[in-house]
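The block underneath contains the structure these notes are about, expressed in structure tokens.
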Amino acid sequence: MVKEGYPWVLVPLLAGLGAGLLYLFWPALPLLALAVVLLLLAAFMAYFFRDPQRAVPAEAGLVVSPADGKVTRIERLAGNGADSPTVVSIFLSPFDVHVNRAPIAGEVIDVTYTKGRFIAATSDNASLVNEQNALTIKGERMTVVCKQIAGVLARRIVCWKRPGDSLGLGERFGLIKFGSRTDLVLPRGVEVSVKVGQRVSGGVTVIGRFLDGE
């Protein structure tokens, strides 16, 4: 579990245990119900902030998924020209792992946080108007932009990296709390290998491959 999850787990856990102890001395049904609800909430928070180990592929030129979730959009930007970048949007439900991982190995050359709204993360406009944090990562073969975008429930974007930091392929760099979206902007020369509707796993699923000679 990531450290940001400890307060979210410990507070309802301790409150639930306290309500359970009170129930032992004063067996009132509302106290029992409160204890059960709080303990279930603590269990969900522990599940939400889980941080499983991942086997990152080692093949050169790969772009891996920066998040767990479902691919909701694959679209060329800037007029759909041949040289236009491609954006891949991944929607994260509250039941997905919310730790974000580096899609490529490289150096973080820019981190830009933008305040905004909290409309549904599945909307195309979310990438324009919602609260978000954009990391630009420069690798040996390409530079990609990874956007952490808040959704309706999300109210906190966490990023552990700063400009000048190095990232390994699939390395953890942050998380978004409680339902969100992650956009990955890929340059010309990357062949996208996922489809809309496909479920992906952060640091594991291959999103695309850099084509030599492009």
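The numbers here are math on the coordinates, done by the rules we state, and not lab data. Values in this document were obtained by computation on a predicted structure and should not be read as measured data. A quick note on method: Cβ atoms are made from the backbone with ideal geometry, for glycine too, and the neighbour counts reach across all protein chains shown.
The figures follow:
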| item | result |
| --- | --- |
| Charge-dipole axis of the chain as Lys and Arg at +1 and Asp and Glu at -1 on Cβ define it, positive-most pick from Gly197, Val37, Val97 | Val37 |
| Non-local Lys pairs in the chain, i.e. 8 or more apart or on different chains, that have alpha carbons under 15 Å apart | 7 |
| Coordinate range along principal axes, alpha carbons of the chain, Å, largest first | 74, 33, 30 |
| Fluctuation leader among Val196, Val99, Val111 - the chain, Gaussian network, Cα springs under 10 angstrom | Val196 |
| Size of charge dipole - the chain - debye, nearest 20, with Cβ of Lys, Arg +1 and Asp, Glu -1, no other charges | 460 |
| Relative exposure of Thr205, Thr114, Thr182, judged by other C-beta atoms within 10 Å (fewest first) | Thr114, Thr205, Thr182 |
| Residues with amide H under 5 Å from that of Phe173, placed H, sequence gap 5 or more | Asn100, Arg101, Ala102 |
| The chain: relative contact order as a whole-number percent, Cα under 8 Å and 6+ apart | 24 |
| Fewest-first sequence of Trp160, Trp8 by Cβ atoms within 10 Å of each Cβ | Trp160, Trp8 |
| Cut-off of 10 Å, at most 10 other beta carbons, DSSP loop: longest stretch of the chain lacking such trypsin sites (Lys or Arg not before Pro) | 1-114 |
| In degrees, nearest ten, helix 29-48 long axis to first principal axis of the chain (Cα) | 20 |
| Using θ = phi - 60° and Karplus 6.51 cos²θ - 1.76 cosθ + 1.60, couplings along the stretch 56-63 (whole Hz; Gly, Pro as x) | 7, x, 9, 5, 6, x, 8, 10 |
| Virtual spin-label span in nm between Leu17 and Lys195, 7 Å along Cα→Cβ | 4.9 |
| Within a Gaussian network of the chain (alpha carbon springs, distance under 10 Å), most fluctuating of Ser201, Ser93, Ser193 | Ser193 |
| In Hz, Karplus ³J(HN,Hα) per residue of the stretch 95-110 (6.51, -1.76, 1.60; θ = phi - 60°; x = Gly, Pro) | 9, 8, 5, 9, 6, 8, 10, 5, x, 9, 7, x, 9, 6, 9, 7 |
| FRET efficiency estimate (nearest 0.05) - Cβ-Cβ, Ser93 to Val36, R0 30 angstrom | 0.80 |
| Fewest-first ranking of Asp110, Asp183, Asp68, using other Cβ atoms within 10 Å as the exposure measure | Asp110, Asp183, Asp68 |
| Candidates Pro52, Pro103, Pro187: whichever shows maximal mean-square fluctuation once the chain is modelled as a Gaussian network with Cα springs under 10 Å | Pro52 |
